[in-house]
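Here is the structure we will look at.
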Amino acid sequence: MLQIKKLDIKWNGTLKPLDKNKIDAIALHHMAHPSADAYEIDKWHKANGWAGIGYGFWIDKKGNIYEGRGFNQNAAVADHNGHIISIGFQGDYENVDKEMPVLQYNAGVDLIRWIMKQIPSIKVVHGHKYWNNTACPGKYFPLEKMIADALKKEEKKTWKQILQEVASDPKGWEIAINSLVLASESGMMNSIYKYLPLLLEKIYNR
């Protein structure tokens with residue numbers, strides 16, 4: 001289950017809701033700064049006279065996803081903000097960061113998929129440079145791979161695969177919790193009864 005956190009910010013003005021039927025693209029961005037967080041970006045954008053952070057969503061290097069402007073009009077792709085949702089990624093993938101952390105990468109793939117499920121009219125997913133004359137999201141940003149992975153047809157995981165992830169992943173407790181929620185919602189608790197000790201152990205020892 002995708003977790004999207006709210007930023008504790010105050011907008012300078014009122015955001016304009018987008019007509020979701022007109023949204024047809026997702027733009028991916030880097031910050032051109034190795035460590036600036038979403039709150040610093042918000043300050044920079046307010047200094048430009050904007051209402052606040054320009055991205056619809058924003059992902060840090062730990063894989064935390066934040067809602068910025070969400071499905072209100074973004075302010076990140078000049079002359080195209082009326083039909084694009086922008087995702088900002090912490091980091092400088094042009095000059096400093098030569099490899100994206102796995103957690104950030106996976107969060108990017110998951111967020112793109114989630115947005116596309118919310119807005120089926122989206123036809124294009126690309127870097128900022130596709131629309132404007134810029135290097136963004138940077139030459140080290142895994143642009144093609146991220147887009148390809150996000151657009152892949154999702155394969156339904158078996159319980160065996162899920163449990164292997166629980167056992168091998170240091171943060172397996174998160175997978176365990178999501179697995180229990182999924183089993184409960186789909187009426188499959190009986191089918192995972194024998195695995196409950198492993199799931200509960202992971203959650204208890206987190």
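The numbers here are math on the coordinates, done by the rules we state, and not lab data. Note that the structure is a prediction, hence the values are computed from the model and not measured. So basically every Cβ, Gly included, is an ideal-geometry build from the backbone, and we count neighbours across all protein chains shown.
With the simple spin-label model, which puts each label point 7 Å out from Cα in the Cβ direction, the Val102 to Lys62 separation comes to 1.8 nm.
Under 5 Å from the amide H of His30 lie the amide H atoms of Phe89, each residue being 5 or more positions distant or on a separate chain, with H modelled from the backbone and absent for Pro and chain starts. Couplings 3J(HN,Hα) of the stretch 83-98, computed from phi: 9, 10, 9, 9, 10, x, 10, 4, x, 10, 8, 10, 10, 10, 7, 9 Hz, in residue order, whole Hz [Karplus 6.51 cos²θ - 1.76 cosθ + 1.60, θ = phi - 60°; x for Gly and Pro].
Spin-label model, Tyr39 to Gln118: label points 7 Å out along the Cα-to-beta-carbon direction sit 2.4 nm apart.
Put simply, the amide H of Val125, placed in the peptide plane, has neighbours under 5 Å in Ile26, leaving out anything fewer than 5 places away on its chain. Over 29 Å apart at the Cα level, from the set Lys46/Lys153; Lys43/Lys123; Lys5/Lys129, are Lys46/Lys153; Lys43/Lys123. Subtracting the Cα-Cα distance of Asp149 and Ala135 from 0.36 nm times their residue separation leaves 2.9 nm of extension gain.
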